[in-house]
1. Scan the range 68-94 for residues that are over 17 Å from Val54 (Cα atoms) and either of a type in the set (Gly, Ala, Ser) or touching a Cys at 6+ places or on another chain (Cβ under 7 Å) (or both) and jot them down.
2. Out of Phe252, Phe302, Phe283, Phe256, which single residue is closer than 22 Å to Lys177 by Cβ and open to solvent by 30 Å² or more (accessible area, probe 1.4 Å)?
3. Residues in the range 120-142: is at least one in a loop (DSSP other than H, G, I, E, B) and under 19 Å from Tyr243 (Cβ atoms)?
4. Here are some conditions: (1) over 16 Å from Phe420 (Cα atoms); (2) outside any strand (DSSP E or B); (3) under 22 Å from the mean Cα position of the chain (by Cα); (4) at pLDDT 95 or above. Lys79 meets all but one. Which one does it not meet?
5. Looking at the range 288-307 only, could you name the residues that are at pLDDT below 95, assigned to a loop (DSSP other than H, G, I, E, B) and not β-branched (Val, Ile, Thr)?
6. Hey, can you tell me all the residues within the range 325-373 that are in contact with an Asp or Glu (Cβ under 6 Å, 6 or more places away or on another chain) and among the small types (Gly, Ala, Ser)?
7. Which one of Val139, Val100 is out of contact with any His (no Cβ under 8 Å at 6 or more places or on another chain), surrounded by 22 or more Cβ atoms within 10 Å (Cβ to Cβ) and under 17 Å from Pro157 (Cβ atoms)?
8. Which of the numbered conditions does Tyr344 fail, given that it passes all the others? Conditions: (1) farther than 18 Å from Asp274 by Cα; (2) within 21 Å of the chain's Cα centre (by Cα); (3) without any contact (Cβ under 8 Å) to a residue 60 or more places away in the chain; (4) open to solvent by less than 30 Å² (accessible area, probe 1.4 Å).
Amino acid sequence: MTKYNLFFVVFLITILLISSSESIKNLNYANAQKSVNKKEGPTISDPILKVDLVANGLELPTGMAFLGPNDILVIEKEKGTVKRIIDGKMLPEPLLDVNVGQVSERGLLGIAVSKHENGPTYVFLFYSETLVKDGGNPVGNRLYRYELMNNNTLVNPKLLLDLPTRPGPSHNGGVVKIGPDNNVYVVVGDLNYIRNKRAYTLAQNAVDGPPPDGRGGILRVTQNGEVVEGVGILGNETPLNKYYAYGIRNSFGIAFDPLTGKLWDTENGSKHGDEINLVEPGFNSGWRQVTGMSTSTLNNKFDRDNLVDFDGRGTYSEPELDWQEEVGPTAITFLNSDKLGKQYENDMFVGDIINGNLYHFELNKQRTELLLSPNSPLADKVVSSYDNKKLDEIIFGKGFGGITDMQIGPRDGYLYVLTFDKTQGTIYRIFPTTMINVEAN
C-alpha cells in the first residue's frame, strides 16, 4: 500500500468515526435509533390504551399538521414533498415538491397550518432551499407561507424568514408552530456541525461574538413575516428583533401549553444534558456556556457572568428536566383533550429519536414546572438513561422507532405520533381500548 493510499484510508476511517459519533445528536435519520422492539410494534404502559396504524409508506417524515379530522399533511425531509393523507389514504401526488438540501439535518423540516374563517388556509414550511432538485448547497434556511388551493396544491409562496445555512449542515431545527397569539414561531439551532468557536454569535452566548444572525434561538414573526407589534423582545436591530429566545444548541420540538399559552421546548445537548425547558419571552437556554443543569459536575466551569443578556432583556433559566445521557428528545405536545382519560388531560408528552420512547409528564398547579413528587427519584429533575426507576416513572410508550412529531386529532382528541424506522415513516394513533367515561364528540 502506498503512503498516499494509507493516508486516504486513515482519513476515511477518521471521518466515519466522527460521523458515527455525531449521527445520533445530528438526527442522521437513517442511523439514529438504537435497537427497539420492532416485531411487537409500539406499546403503551397504560393497559386501557392501545396503538393502531393510521398510515405508512412515508419517507423520512419530519412533521405533520392536521387540515381537519382524518386529513393530515406530512412533510418528507429529503424528498422535499408535502403529502396529504385523507382517511388513512395518501393522495397519489404531493401538494408541493421543493428543492432541499439533503446532507445531515438539512431538508424540509417544519410545517404548520393556519386556517382563516372566510379566508385562506395558510401552510407554513421551513426548509433548506437549494436551486437544484438533487440537493446541493442550500441558498438559505427559509420560512415560507403558502396558500392551500382546492385542487390540492400549495401556491403563492411568501418568504417570511431567510436564515443562514452555515457553518455546518446540522442543528437546523426547523419546527414551526402557530402560537395562541396567531404569530408564527420557528426554532433554529446553531448550525455548528464544525466546532468552530469563531462561528458563534451573541445569540450563542459568545460575549465577544458578532451580532445574532438568526441562528440559535426561537424566532417569532407575524403571519406576514413582520416583527410582532413592531418591537423586539431583546432589541430592535434585525434579526435580533425577531428572537423570542436564544442560547439554543439544537431543538426539534416546541409546543404551547393550552391552559397558560406558555411555550415549552426540548433541546439536544452535546453528549449530555438533553433538556425540557419552559421558554418565557427572552429565555436564554445557556448554550454554548452550559448544557443541562448548571449544577452538574460536567458544567463545573459555568459562570453566569459569562452569559449574554442583551442589556438585561434576556434571562437564563435552568431546564425543567435534564437527561444526563443522550436520548435525543424531539417532539413535544400537550394533550388538550380528555379522550384518553381525565388523568392525561392537558399533560405533556415528549418523544425521543434514539430509543423510540414516548414520555409523559404532569405539570404543577402553576404549570411552570413538571410535577415531580418530593419522594420521586426524579425530584432533582435529573434522569439517567441507565436508572430504570427514573425511566419507568416517565415512560408512557415504547417501540415507536424515531419519533419526529406528535399532534392531537382535532375531532377525536387522540394522540397521533409520527415516526420512522430507518427511512420508512408511519403515523400511529393512541386511543382507548374501551369507551372512557367522557362526553361523546
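1. Listed by number, the list holds a single entry, Gly80.
2. Phe256
3. No, the range 120-142 has no match at all.
4. Evaluating Lys79 over (1) over 16 Å from Phe420 (Cα atoms); (2) outside any strand (DSSP E or B); (3) under 22 Å from the mean Cα position of the chain (by Cα); (4) at pLDDT 95 or above leaves (1) as the failure.
5. Listed by number, the residues that qualify are Arg288, Gln289, Gly292, Met293, Ser294, Ser296, Asn300, Lys301, Phe302, Asp303.
6. Gly328, Ala331
7. Val100
8. (2)
The values are calculated or read from the model by the stated rules, or taken from the named source; none is laboratory data. Not measured: the values here are computed from a predicted model. Virtual Cβ from ideal backbone geometry, glycine too; neighbours counted across all protein chains shown. Calculation scope for accessible area: heavy atoms of the full protein, side chains included, ligands and nucleic acids excluded. Shrake-Rupley method; radii C 1.70, N 1.55, O 1.52, S 1.80 Å.
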